[in-house]
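Take a look at the structure below.
The values are calculated or read from the model by the stated rules, or taken from the named source; none is laboratory data. These figures come from a predicted structure and were not determined experimentally. With ideal geometry, Cβ positions are generated from the backbone for all residues, glycine too; neighbour counts draw on all protein chains shown. Ligands, DNA and RNA are stripped out before the accessible areas are found, and what is left, the full protein with its side chains, is counted by its heavy atoms. Shrake-Rupley method; radii C 1.70, N 1.55, O 1.52, S 1.80 Å.
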Protein chains: 2
Amino acid sequence: MTLELPTVESIDDPALAGRLQHLLDHKTKPLGALGRLEALALRLGLILGSEAPALTAPQMLVCAGDHGLAARGVSAYPSDVTWQMVENFLAGGAAVSVLARQHGLALTVVDCGVRHDFEAREGLLVRRIAFGTADASAGPAMSLAQCERAIANGMALVRELPGNALLLGEMGIGNSSAASLLLARLAGQDIDACTGSGTGLDAAGRARKRALLREVLAVHADAATPLAALSAFGGFEIATLVGTVLQAAEERRVIVVDGFIASTAVLVAQGLRPRVVQRCVAAHESAEPGHRLLLAALGLEPLLKLDMRLGEGSGAALAWPLLESACRILREMASFESAGVSQRGD
Amino acid sequence: MTLELPTVESIDDPALAGRLQHLLDHKTKPLGALGRLEALALRLGLILGSEAPALTAPQMLVCAGDHGLAARGVSAYPSDVTWQMVENFLAGGAAVSVLARQHGLALTVVDCGVRHDFEAREGLLVRRIAFGTADASAGPAMSLAQCERAIANGMALVRELPGNALLLGEMGIGNSSAASLLLARLAGQDIDACTGSGTGLDAAGRARKRALLREVLAVHADAATPLAALSAFGGFEIATLVGTVLQAAEERRVIVVDGFIASTAVLVAQGLRPRVVQRCVAAHESAEPGHRLLLAALGLEPLLKLDMRLGEGSGAALAWPLLESACRILREMASFESAGVSQRGD
């Protein structure tokens, strides 16, 4: 391949981990009483390489693209909803817009390949590979060259962004199908278990979707590597996200993974650079059934389980204050010694 | 009894509930895609009686008290830790101090009966009934008159506080024992199932605690009503919290319930005024095993499950942004119509 992928070093550092654990254990609370918030604090300390980790200028990146497979009726919504929702993100009326505003997350929307010609404006980056992917049931969703271009776009995007935390969001009618296909192929899962209702198919619709995806898998039986599978199944927004994940991982940014579709970008990136997942925090577990399998394949435990299935980065935004809390626990809580609090009596 | 309890009207309002559901269903997202955040938005709309609910001046109230039973070795920490932690809350170094600061929650610490004479200062209210409760294994933890005075204190406290949301916190070495006893008695649960490690007893300590609590239950076999049980088992901080819950319920404030001990205050208040729980949001499920049983008894589903077991209001503070998000979804998200987004195609 022509694309040069970043180097992703291990962040394992037993000495730092020991110091972080010591700090946590001496905060004014019973040992381990902050539960998973402590594990999160430890993880963030390791990613940022600091005993006093501070998250700066968090970036919510919503990558959007259209899918040729959508014409085969895999979604409850028409493809036009992709560009309409991009407009909604930019106008501030979508869930992710509202939540990003609440938490002070800089929101950037990226047209990675929407079937629409957007007017340039603040908050929108046009990195369109094509007006939607090709129909994956008839051939590859994109060429390998397109796939690499999208990944390169994602890498370049992150290089330009400030801060040390990246929140992943996406939009694309039909992209839960691409995610199911990628999960089935790259994690060796049965396609039925990977396939849910997406934006809200009924039982009959879901059955049709499953039958079609099984067919698509068979068409691309030889697409076994991460990049081959990504090219075969799409989409441009997932490929762009793969690039953002790789670049963020190289730079040791904290990567806040959203739902099912965003998580497949991590799965692909992890297939290319196996230490990517060390930098990832799983924001939530989606109600989309494949997400549980996908998080398990990545070894990530979600912070929230609220039966959400919206995408856009909404789950990542919702979990964001927990990351902030974990850092503040490390930075701001007193120790038994500094606060003059007695230790346990046994 | 001499204490006059507030009237707690039902907040059931099918017309408002219908309007809220209609609003949620027409926001730019697949039907129900925000999962439990939508149920939370509906609940907050009903509590605040508004289609555009807004949380104002949220109050974190940390009620502290000491327990005579602590002398019997039910905690891994000495009783002095109660007043030392009160100092830590006020100095800003405790978990709840850090999290309240993060989320702009006004923090008030109430000495409801700590075994210590505090200097008056900003952020501390002294509403001490006595220097700790009596040993519940030898007689009632408090008299009925003391119990009613603590409840009245709690009611008066909330009347003076601004805003429309109350977050419950507590501190008191030994108070997980009081909570286990209240849960066992008022919800008819086996005391062993209600009793955990508290601040971190080992297996032997937990076995001793269980044996002792079984004994205490037997001593107060006739303490069957909410107030009789509360007087028998204590503590002053729980009784004061009962008053805050009742007053907040009458005023239709949103009550954000923290962990195991704070939840027992709701259980008692609910026993006195059965519509209290309509106003409650369960922030999290504690790792303390009784909490799951207690939330089930109250019919509340926790927002977070992060294996925390600290108390102080730390879980309530951590969940707070989710309540804020739920309100913003209702107030700020666009509808399909206003955003010009196509509806589902089927």
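Out of the residues in the stretch A:86-114 that are part of a helix (DSSP H, G or I) and open to solvent by 10 Å² or more (accessible area, probe 1.4 Å), state the one that is farthest from the other protein chains (Cβ to nearest Cβ).
First pass over the stretch A:86-114, keeping only residues part of a helix (DSSP H, G or I): A:86-91, A:95-103.
With the extra rule that they be open to solvent by 10 Å² or more (accessible area, probe 1.4 Å), the set shrinks to A:87, A:90-91, A:101-103.
Details: A:Glu87: 7, A:Leu90: 11, A:Ala91: 7, A:Arg101: 8, A:Gln102: 6, A:His103: 7 Å.
The residue in question is A:Leu90.
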Odd one out for A:Ala71 among (1) on the phi < 0 side of the Ramachandran plot; (2) buried (at least 19 other Cβ atoms within 10 Å of the Cβ): (2)
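I'd like the full set of residues that are of a type outside the set (D, E, K, R) and open to solvent by less than 10 Å² (accessible area, probe 1.4 Å), limited to the stretch A:199-222. Working first, answer last.
Kept after step one, since they are of a type outside the set (D, E, K, R), are these residues of the stretch A:199-222: A:199-201, A:203-205, A:207, A:211-213, A:216-221.
Once the filter is applied, which keeps residues that are of a type outside the set (D, E, K, R) and open to solvent by less than 10 Å² (accessible area, probe 1.4 Å), the stretch A:199-222 yields A:Gly205, A:Leu213, A:Val216.
Only residues that are in a helix (DSSP H, G or I) and surrounded by fewer than 24 Cβ atoms within 10 Å (Cβ to Cβ): list them for the stretch A:246-267, please. So that I can check it myself, show each step before the final result.
Filtering the stretch A:246-267 down to residues in a helix (DSSP H, G or I) leaves A:246-250, A:260-267.
Matches in the stretch A:246-267: A:Glu250 only.
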In the stretch B:327-346, the residues that are touching a residue at least 60 places away in the same chain (Cβ under 8 Å), of a type outside the set (Val, Ile, Thr) and either at the interface with chain A (Cβ under 7 Å from one of its Cβ atoms) or closer than 15 Å to B:Ile255 by Cβ (or both): B:Met333, B:Ala334, B:Ala339, B:Arg344
Given the condition within 30 Å of A:Gly139 (Cβ to Cβ), more than 10 Å from every other protein chain (Cβ to nearest Cβ) and open to solvent by 10 Å² or more (accessible area, probe 1.4 Å), answer yes or no: does some residue in the stretch A:297-304 qualify? yes
Taking the stretch A:305-331 on its own, how many of its residues are touching a Ser or Thr at 6+ places or on another chain (Cβ under 8 Å) and open to solvent by 50 Å² or more (accessible area, probe 1.4 Å)? 1
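Specify which of the listed residues (A:Thr108, A:Thr28) is in contact with a Leu (Cβ under 7 Å, 6 or more places away or on another chain) and among the hydroxyl-bearing types (Ser, Thr, Tyr).
Details: A:Thr28 fails: in contact with a Leu (Cβ under 7 Å, 6 or more places away or on another chain).
Selected residue: A:Thr108, the only one of A:Thr108, A:Thr28 that is in contact with a Leu (Cβ under 7 Å, 6 or more places away or on another chain) and among the hydroxyl-bearing types (Ser, Thr, Tyr).
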If I filter the stretch A:36-56 for residues that are open to solvent by 10 Å² or more (accessible area, probe 1.4 Å), more than 14 Å from chain B (Cβ to nearest Cβ) and touching a Lys or Arg at 6+ places or on another chain (Cβ under 6 Å), do I get at least one hit? yes
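Can you find, within the stretch A:305-326, the residue that is farthest from the other protein chains (Cβ to nearest Cβ) among those that are under 20 Å from A:Glu51 (Cβ atoms) and of a type in the set (Gly, Ala, Ser)?
This residue is A:Ala326.
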Determine whether A:Gln102 is in contact (Cβ under 8 Å) with a residue 12 or more places away in the chain, closer than 19 Å to A:Gly315 by Cβ and touching a Lys or Arg at 6+ places or on another chain (Cβ under 8 Å). yes
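State the number of residues belonging to the stretch A:21-35 that are of a type in the set (A, V, I, L, M, F, W, C), open to solvent by less than 10 Å² (accessible area, probe 1.4 Å) and at the interface with chain B (Cβ under 9 Å from one of its Cβ atoms). Break it down into steps so the answer makes sense when it comes.
Going through the stretch A:21-35, the residues of a type in the set (A, V, I, L, M, F, W, C) turn out to be A:23-24, A:31, A:33-34.
From what is left, the residues that are open to solvent by less than 10 Å² (accessible area, probe 1.4 Å) are A:24, A:33-34.
Filter once more, so that each one left must be at the interface with chain B (Cβ under 9 Å from one of its Cβ atoms): A:33-34.
Matching residues across the stretch A:21-35 total 2.
Hey, any hits in the stretch B:228-245 for a residue that's without any contact (Cβ under 8 Å) to a residue 60 or more places away in the chain and outside any helix (DSSP H, G or I)? Working first, answer last.
To start, the set of residues in the stretch B:228-245 that are without any contact (Cβ under 8 Å) to a residue 60 or more places away in the chain comprises B:229.
Those still in the list that are outside any helix (DSSP H, G or I) too: none.
No, the stretch B:228-245 contains no residue that is without any contact (Cβ under 8 Å) to a residue 60 or more places away in the chain and outside any helix (DSSP H, G or I).
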